[in-house]
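*Asks:* Questions regarding the structure given below will be posed in turn.
Every number here is computed from the coordinates shown, using simple stated rules; none is lab data. All of these numbers come straight from a predicted model, not from anything done at the bench. FYI the Cβ positions are ideal-geometry reconstructions off the backbone, even for glycines, and counts take in every protein chain you see.
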Amino acid sequence: MTIFEPRDPAWEARIRDSFARQPAMALIGARLGRLAPGDVEVELPVRREVSQQHGFVHGGVVAMIADSAAGYAAFSLLPADGTLLSVEFKQTFLAHGRGEALVARGRELRPG
């Protein structure tokens, strides 16, 4: 795993503040997990309210936490005045979401 040096010494506080201002993450019950420069986890307790008709976590909800994890991994390496917004991403499901919690891991491979 590559170790990145954040450009903003307050990167972690910026991520926590930004995440706390996302009503969508609060609505689904997601929370921040592991935070490191270029490496962010978003955790989601599995519960009925985020499931689809077969009882699995809804794919749209899975995409929500994946989008946030990836975005915050990139955000952690931006300068203090930097911002970002996802404009496109693709998600392929290899298995259905089940268990006690899902964890989305966003890892920066190459900033820029």
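*Asks:* So how many Å³ per residue does the convex hull of the Cα atoms of the chain work out to? Show your work: numbers first, answer last.
*Replies:* Working: hull volume 12.5 nm³, N = 112.
Spelled out: Cα convex hull of the chain, divided by residues, is 112 Å³.
*Asks:* Would you kindly derive the ³J(HN,Hα) couplings of region 29-37 from the backbone phi angles with the Karplus curve 6.51 cos²θ - 1.76 cosθ + 1.60 (θ = phi - 60°), listing them in order in whole Hz, with x for Gly and Pro?
*Replies:* Once θ is set to phi - 60°, the couplings for region 29-37 become x, 6, 9, 6, x, 5, 10, 8, x Hz.
*Asks:* Using modelled amide H (1.01 Å from N, peptide plane; none on Pro or chain starts), what sits under 5 Å from the amide H of Ser51, excluding residues fewer than 5 places away?
*Replies:* His58
*Asks:* Another question, then. With an 8 Å Cα cut-off and a minimum separation of 6 or more residues, compute the relative contact order for the chain in percent.
*Replies:* Values: 167 pairs, mean separation 38.7, N = 112.
In percent, rounded to a whole number, it is 35.
*Asks:* While we're looking at this one, here's another question. Only helical DSSP H runs with n ≥ 4 go in: add -39500 (n - 2.57) per run for the chain, normalise by residue count and round the 222 nm mean residue ellipticity to 500 deg cm²/dmol.
*Replies:* Values: 3 runs with 33 residues, N = 112.
Helices in the chain give a 222 nm mean residue ellipticity of -9000 deg cm²/dmol.
*Asks:* For region 43-84, how big is the tail of P(r) above 15 Å, as a whole percent of Cα pairs?
*Replies:* Working: 440 of 861 pairs.
When all Cα pairs of region 43-84 are counted, 51 percent exceed 15 Å.
*Asks:* If packing is taken as the average number of other Cβ atoms within 10 Å across a peptide's residues, how do 19-31, 40-52 rank, most packed first?
*Replies:* On the way: 19-31: 14.1, 40-52: 16.9.
Final packing ranking: 40-52, 19-31.
*Asks:* What angle do you read, to the nearest 10 degrees and between 0 and 90, between the alpha-carbon axis of helix 59-75 and the longest principal axis of the chain?
*Replies:* Helix 59-75 and the main axis of the chain meet at about 10 degrees.
*Asks:* Using a simple spin-label model with points 7 Å from Cα along the Cα→Cβ vector, what separation in nm is obtained for Glu5 and Ala24?
*Replies:* The answer from the label model is 3.4 nm.
*Asks:* Please sort 8-16, 58-66, 78-86 by packing, taking for each peptide the average over its residues of neighbouring beta carbons within 10 angstrom, highest first.
*Replies:* Result, highest mean first: 58-66, 8-16, 78-86.
*Asks:* How long is the gain from Arg105 to Gln53 if the chain were fully straight, where each residue apart is worth 0.36 nm and the alpha carbon distance is subtracted? All intermediate terms of the calculation are to be shown ahead of the outcome.
*Replies:* On the way: separation 52, 0.36 × 52 = 18.72 nm, distance 2.57 nm.
Difference between extended and current length: 16.1 nm.
*Asks:* Label-point separation (nm) for Ala13 and Arg98, each offset 7 Å from Cα along Cα-to-Cβ?
*Replies:* Result for the modelled spin labels: 4.5 nm.
*Asks:* What net charge do the residues around Leu32 carry, taking every other residue with its C-beta under 10 Å from that of Leu32, with Lys and Arg at +1 and Asp and Glu at -1? Could you put the intermediate results ahead of the total?
*Replies:* Numbers: positive: Arg16, Arg31, Arg34; negative: Glu12, Glu41, Glu43.
Around Leu32, the surrounding residues sum to 0.
*Asks:* Roughly what angle does helix 11-20 make with the longest principal axis of the chain, taking Cα atoms, 0 to 90 degrees, to the nearest 10?
*Replies:* 30
*Asks:* Also: With unit charges on the beta carbons (Lys and Arg positive, Asp and Glu negative) and the dipole taken about the Cα centre of the chain, which residue among Ile15, Leu109, Val50 sits farthest to the positive side?
*Replies:* Val50
*Asks:* What does the net charge come to around Asp8 if you take all other residues with beta carbon closer than 15 Å to its beta carbon, with K and R at +1 and D and E at -1?
*Replies:* Numbers: positive: Arg7, Arg14, Arg16; negative: Glu5, Glu12, Asp17, Asp81, Glu108.
With Lys, Arg at +1 and Asp, Glu at -1, the neighbours total -2.
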